[in-house]
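No lab work stands behind these numbers, since they all come straight from the coordinates. Computed from a predicted structure; not experimentally measured. Using ideal geometry, Cβ is built from the backbone for each residue, glycine included, and neighbour counts are taken over all protein chains shown.
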Amino acid sequence: MRMFPSPTLTRYIAQMFAVRVLAFIFGLVMVLQTLDLLSESDKILAPDGSGYPEILRYLGWRLPQLLSQFLPFSVLLATLVTLATLNQNSEVVIMRAAAISAHQVLAPLLLTGLAISVAHFFFNEAVVAPSTARLSAWERAEYARVLPPADSGTRDIWVTDGASIVRADRAVVDRGRLILPGLQIFERGSDPNLRRIIRADRAELAGKSWTLYGVRTYDVDGRLSDTVASMPWRTELESERFLAAAVDPNGVSYPRLARAIRELKAGGHPTESLQAALQHKISGPLSSLLMPVLGAIAAFGVVRSGKLFVRIVIGMALGFAYFVADNFMMAMGQFGTVPPLMAAWSAPLLFFCVGESVLFRTEE
């Protein structure tokens with residue numbers, strides 16, 4: 001009834017598994033980073049004066065994304081290789097003969113997978129999210145040598161200001177100022193019919209005062225009625241409304257995304273896609289804990305039967321089917337077709353049940 005085999009076996013299997021995870025993630029990331037750099041290097045070096053510093057900057061911001069994206073794949077491959085090696089050397093047969101159950105054989109891998117999942121989550125929060133935000137802003141600036149200000153999220157922000165509707169291309173924070181490029185204000189009355197349209201090159205918030213620059217005013221028929229260089233903008237909108245509406249789930253941390261969801265809900269905006277992304281910030285790293293269950297089929301069965309390769313292929317197919325199903329459900333959640341909780345957790349729960357069913361039917 002013990003959860004783990006002996007301490008010696010636990011350390012032996014966990015160490016073997018961890019070494020293979022590190023080897024696979026190192027190999028995968030090096031190959032993928034090289035291919036990615038080859039495809040992007042001409043764009044990075046296109047601005048005048050760009051050179052090795054810009055290449056190193058791109059590598060520093062791109063590498064965390066690749067590590068986070070392909071860590072579960074590495075755990076899957078390491079699981080298959082570790083269990084196949086134990087099986088081929090008859091170590092699994094010896095452990096089973098010593099009354100060690102299949103789940104006890106997998107327990108060191110599950111413990112290591114749990115540690116990897118926790119480390120993966122905090123790595124995403126502390127490293128991946130900031131580097132993604134910086135790299136996204138730099139890509140939109142076409143890899144300019146002068147770094148653009150930190151971009152707060154996606155383009156095309158829509159918020160309501162009483163009866164009026166406000167739109168901006170994006171939200172940018174520069175030296176403590178909030179800047180909204182491409183601002184448009186659709187002023188409506190209580191009817192609520194459109195009264196006029198105000199377009200500005202940008203809006204800046206300094207302190208608690210908004211200023212519009214490059215202002216053009218149009219009547220309801222689309223005719224230009226007035227043009228001014230700058231004018232104050234009197235509004236009750238808080239800056240957090242724009243930052244929340246512009247949030248990019250991949251470029252912000254879990255607390256920041258949760259706060260943005262609350263602010264958007266208070267403003268009456270739909271938040272289903274952001275809620276799915278919030279849940280996936282937890283379920284995504286936990287996929288490393290699921291991989292030993294899906295790859296367990298490679299550990300058991302008699303090697304002399306000649307079916308070890310078939311078992312490895314089945315374990316790999318189960319693992320890759322999980323990634324396909326997870327991406328599919330997240331896409332469904334982004335479109336609002338399924339609830340956020342189902343979009344983030346249905347694939348892990350389904351494949352955990354599949355892996356456990358195979359394990360119980362064949363070994364327990």
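A few points about this structure:
- Considering only Pro340, Pro181, Pro255, the mean-square fluctuation computed in a Gaussian network model of the chain, springs between alpha carbons under 10 angstrom, is largest for Pro255.
- Note on Val93/Leu349: beta-carbon distance plugged into 1/(1 + (r/R0)^6) with R0 of 25 Å gives a FRET efficiency of 0.20.
- Given R0 = 45 Å, the distance between the Cβ atoms of Ser190 and Ser253 translates into a calculated FRET efficiency of 0.65.
- Counting only lysines at least 8 places from Lys265 when in the same chain, those with an alpha carbon closer than 28 Å to its own are Lys208, Lys281.
- Considering only Gly113, Gly222, Gly295, the mean-square fluctuation computed in a Gaussian network model of the chain, springs between alpha carbons under 10 angstrom, is largest for Gly222.
- Think of the stretch 41-113 as a dipole: +1 on every Lys or Arg Cβ, -1 on every Asp or Glu Cβ, centred on the Cα centre; then among Trp61, Gly113, Ala46, Gly113 lies furthest on the positive end.
- Degrees separating the helix 254-266 axis from the principal Cα axis of the chain, which is the longest one: 50 degrees
- Across the stretch 214-340, counting alpha-carbon atoms alone, Rg and Dmax equal 25.0, 86 Å.
- Placing unit charges on the Cβ atoms of the charged side chains and taking the dipole of the chain about its Cα centre, the candidate lying farthest along the positive direction among Gln275, Leu341, Leu194 is Leu341.
- Given charges at beta-carbon only (K, R positive; D, E negative), |dipole| of the chain in Debye: 620 debye
- When the alpha carbon gyration tensor of the stretch 20-106 is reduced to an equivalent ellipsoid, the three semi-axes, largest first, read 44, 10, 8 Å.
- Between Ala115 and Tyr12, the modelled labels are 1.8 nm apart [label points 7 Å from Cα along Cα→Cβ].
- Each eigenvalue of the Cα gyration tensor of the stretch 155-237, multiplied by 5 and square-rooted, gives one semi-axis; in descending order these are 21, 15, 11 Å.
- Unit charges on C-beta of K, R, D, E only; dipole of the stretch 207-299, Debye: 280 debye
- Percent of Cα pairs exceeding the 28 Å cut-off, where the set is the chain: 57 percent
- Peptides 13-20, 30-37 ordered by average Cβ neighbours within 10 Å, highest first: 13-20, 30-37
- Seen against the Cα atoms of the chain and their longest principal axis, helix 52-88 is set at about 30 degrees.
- Cα-centre dipole for the stretch 155-237 with unit charges at Cβ (Lys and Arg positive, Asp and Glu negative), debye to 20: 200 debye
- Axis of helix 308-334 versus longest Cα principal axis of the chain: the two differ by about 20°, to the nearest ten degrees.
- Our estimate of slack between Glu236 and Val146, defined as 0.36 nm per intervening residue step minus the Cα-Cα distance, is 29.0 nm.
- Here the spin labels are modelled as points 7 Å beyond Cα on the Cα-Cβ line, and at Phe309 and Leu56 they lie 4.7 nm apart.
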